[in-house]
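The block underneath contains the structure these notes are about, expressed in structure tokens.
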Amino acid sequence: MRRLTFKSYLMSQCRVFSDKDSTSLYTFSKLSADNARLKDALSLYLALYTPEKLENRLKSKFDYLNRSCEKLVGINEENIDVFLQDKNKSEFRTIYDNFLYAQNYQEKENNIKTLMYNKILYLKEEKHITNYCIYKKLNLNPGNTNTFLKNGDVRKVSLDTVRKILAFVNEY
């Protein structure tokens, strides 16, 4: 899995809040008139990742974006943490904190999978279980399972899959 970026997180939030499977900033701008959460996520995206010309065009067409975008003048990826400490920007801080939580969640999950991987390796050696036996009996993707079991690449399998493998190896 790729590391979650703030840009991709904001775009996914715009998609969730708009209930549209789109990446159109125009569509999001149109829908944000009645949706404060969408407007806040969109404003952050516009301020950080949109060319100034496009941002100005959207703000002139949808004047309700102006107020939230004005709060973000001067923000960039290097100063985002400090910039959002201001109490007047708490709605944007919440979005950023949720992003940090989501980003750290993946890292914590990978740490858990690594611990389980070590236990799987130990039990596999002790019980002489082959990778083939594991992915055939559990009906798993052979490529991803082998990459996980041979190289310890925890990004190739989900936590549920690692749990299934560990349970299987425990009971074998």
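The values are calculated or read from the model by the stated rules, or taken from the named source; none is laboratory data. Here the structure is a predicted model, which is why all the values come from computation and not from measurement. With ideal geometry, Cβ positions are generated from the backbone for all residues, glycine too; neighbour counts draw on all protein chains shown.
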Legend entry - Members of the range 116-136 that are exposed (fewer than 13 other Cβ atoms within 10 Å of the Cβ) and either touching a residue at least 60 places away in the same chain (Cβ under 8 Å) or in a helix (DSSP H, G or I) (or both): N118, Y122, E125, E126, K127, Y132, K136
Inset, instruction - Answer yes if at least one residue in the range 88-96 is farther than 30 Å from T161 by Cα, free of Cβ contacts under 8 Å to residues at least 40 places away in the same chain, surrounded by 13 or more Cβ atoms within 10 Å (Cβ to Cβ) and among the hydrophobic types (A, V, I, L, M, F, W, C), and no otherwise. - result: no
Inset, instruction - Report yes if N35 is within 24 Å of Q85 (Cα to Cα), surrounded by fewer than 21 Cβ atoms within 10 Å (Cβ to Cβ) and of a type outside the set (S, T, Y), otherwise no. - result: yes
Legend entry - Output for the range 72-123, where each listed residue is of a type outside the set (F, W, Y) and farther than 26 Å from R37 by Cβ: N110, N111, I112, K113, T114, L115, M116, N118, K119, I120, L121, L123
Inset, instruction - Please verify whether the range 143-153 includes one or more residues that are assigned by TED's automatic domain parsing to the domain that holds Y49, free of Cβ contacts under 8 Å to residues at least 40 places away in the same chain, on the phi > 0 side of the Ramachandran plot and in contact with a helix residue (DSSP H, G or I) (Cβ under 8 Å, 6 or more places away or on another chain). - result: no
Inset, instruction - Scan the helices (runs of 4 or more DSSP H) fully inside the range 26-85 and keep the ones with 1 or more residues being within 16 Å of D97 (Cα to Cα) and of a type in the set (A, V, I, L, M). - result: 36-49, 80-83
